[in-house]
Amino acid sequence: MDGDGEELTAQETALYDRQIRVWGADAQRRLSKAHVLVYGMKGTIAEFCKNIVLAGVGSLTLIDDRIASEEAFSSNFLIPPDENVYGGKTLAQLCCDSLKDFNPMVRVSVQKGDLSSFDVEFFNNFDVVVVSSCSLPAKKLANEKCRKISKRVAFYTVDCRDSCGEIFVDLQDYKYSKKKLEETIECHLRYPSFEEALSVPWKELPRKTSKLYFAMRVIEKFEEAEGRSAGEVSVADLPGVLKLKKELCAVQSLNESHVPDTLLERLVTSTLEFPPVCAIIGGILGQEVIKAISGKGDPLKNFFFFDAFDGKGIIENISNSNA
């Protein structure tokens, strides 16, 4: 995602004229040369993919070997609601076919495999990696592999449950520029890895830290302990989730009021995504990825939370004090 590379073609300049006027030809050139990997084709990811394909990313690779079902297109608008079309096909295949129609100039392809099975060299083919619909250990492992690459790979996780959503960002050692009045300022941020961020003791976090942060960690830990896939919980699991919450709060010396039972109940009762929230989270994620590729504008560090119940989007910087 450096500044070197070919110039925009006349066709690209004409197609992206409007956005070039917003963020400049250099940012558009970087975007058109960037390679993005996405794992887990849920509704939020579908919204994100639509946004970056329309923006003109160089290539987009999709991974999701799950066979499409009627449940999938309740929040994923890229899947045709016709069993004759989606029957027997994977989520990645169906989404790939739809995305190609949005912008023929973007190379959209499908890769098969489980996220944990790919080695470091595979991730080296990409500038941005976005993961969803996978376990806590798989997220940590993918992030660790991205950090072993000599170039900087922007890494994101995204999770949307019911009317709540979360984005995690790791841009490693990130330099960017922004305008302040009439001058351009060079900025520098250091990001913790996913594992480093989650290792920060809860008692050291500010008292006003989003309750969604703690609730998401409880759900992740429960799924990991039970050997479940991401999102594979139901209201029947609520007693076990609440029991785990008490244990984690005791270990972390955190008052249980910071993780409301009502919030956990919402997250396990309806694990399906709420389409309007998908659009919001997918829009924010697309915006952040474009910032990371272009090197322009303040990126969020390092968690973003949204809850449709209060309509608030919250950025939390969850890092060690020396990060």
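Residues satisfying the criterion are present in region 18-32 (criterion: assigned to a loop (DSSP other than H, G, I, E, B), exposed (fewer than 15 other Cβ atoms within 10 Å of the Cβ) and in the same structural domain as CYS160 (by TED's automatic domain parsing)). Scanning region 92-114 for residues that are modelled with pLDDT of 95 or more and of a type in the set (A, V, I, L, M) yields ALA92, LEU99, VAL106, VAL108, VAL110.
In region 188-212, the residues that are small (Gly, Ala, Ser) form Cβ pairs under 7 Å with partners that are open to solvent by 30 Å² or more (accessible area, probe 1.4 Å), at six or more places apart or across chains, as follows: SER193/GLU144; SER193/ARG147; SER210/ILE314.
For VAL235, the conditions (1) under 24 Å from CYS49 (Cβ atoms); (2) over 20 Å from the mean Cα position of the chain (by Cα) are fulfilled apart from (1). Restricting the search to helices (runs of 4 or more DSSP H) fully inside region 56-167 and requiring at least 3 residues that are more than 18 Å from the chain's Cα centre (by Cα) gives 83-86, 91-102, 120-123. Pairs linking a residue in region 102-116 that is in the same structural domain as VAL57 (by TED's automatic domain parsing) and of a type in the set (Phe, Trp, Tyr) to a residue that is surrounded by 11 or more Cβ atoms within 10 Å (Cβ to Cβ) and assigned to a helix (DSSP H, G or I), with Cβ atoms under 7 Å and 6 or more positions apart or on different chains, are PHE102/LYS50; PHE102/VAL53; PHE102/LEU54. Every residue in region 180-212 that is more than 12 Å from GLN252 (Cβ to Cβ) and aromatic (Phe, Trp, Tyr), please. Of everything in region 180-212, those that are more than 12 Å from GLN252 (Cβ to Cβ) and aromatic (Phe, Trp, Tyr) turn out to be TYR191, PHE194.
On the stretch given as region 118-156, residues that are among the charged types (D, E, K, R), more than 17 Å from MET216 (Cβ to Cβ), touching a helix residue (DSSP H, G or I) at 6+ places or on another chain (Cβ under 6 Å) and open to solvent by 40 Å² or more (accessible area, probe 1.4 Å) total 1.
Of the helices (runs of 4 or more DSSP H) that lie entirely inside region 212-295, those containing 2 or more residues that are at pLDDT below 95 span 261-269, 275-294. For region 50-83, the set of residues classified as acidic (Asp, Glu) and either without any contact (Cβ under 8 Å) to a residue 12 or more places away in the chain or open to solvent by 30 Å² or more (accessible area, probe 1.4 Å) (or both) consists of ASP65, GLU70, GLU71, ASP82, GLU83, listed by residue number. From the list LYS245, LYS211, the one residue that fits, being basic (Lys, Arg), buried (at least 17 other Cβ atoms within 10 Å of the Cβ), outside the structural domain of ALA154 (by TED's automatic domain parsing) and under 21 Å from the mean Cα position of the chain (by Cα), is LYS211. Of the residues making up region 84-91, at least one is farther than 20 Å from VAL289 by Cα, open to solvent by less than 60 Å² (accessible area, probe 1.4 Å) and among the aromatic types (Phe, Trp, Tyr).
The values are calculated or read from the model by the stated rules, or taken from the named source; none is laboratory data. None of these values were measured; they are calculated from a predicted model. Please note: Cβ atoms are built from the backbone with ideal geometry, for glycine as well, and neighbour counts cover all protein chains shown. Accessible surface areas use protein heavy atoms only, side chains included; no ligands, DNA or RNA. Shrake-Rupley method; radii C 1.70, N 1.55, O 1.52, S 1.80 Å.
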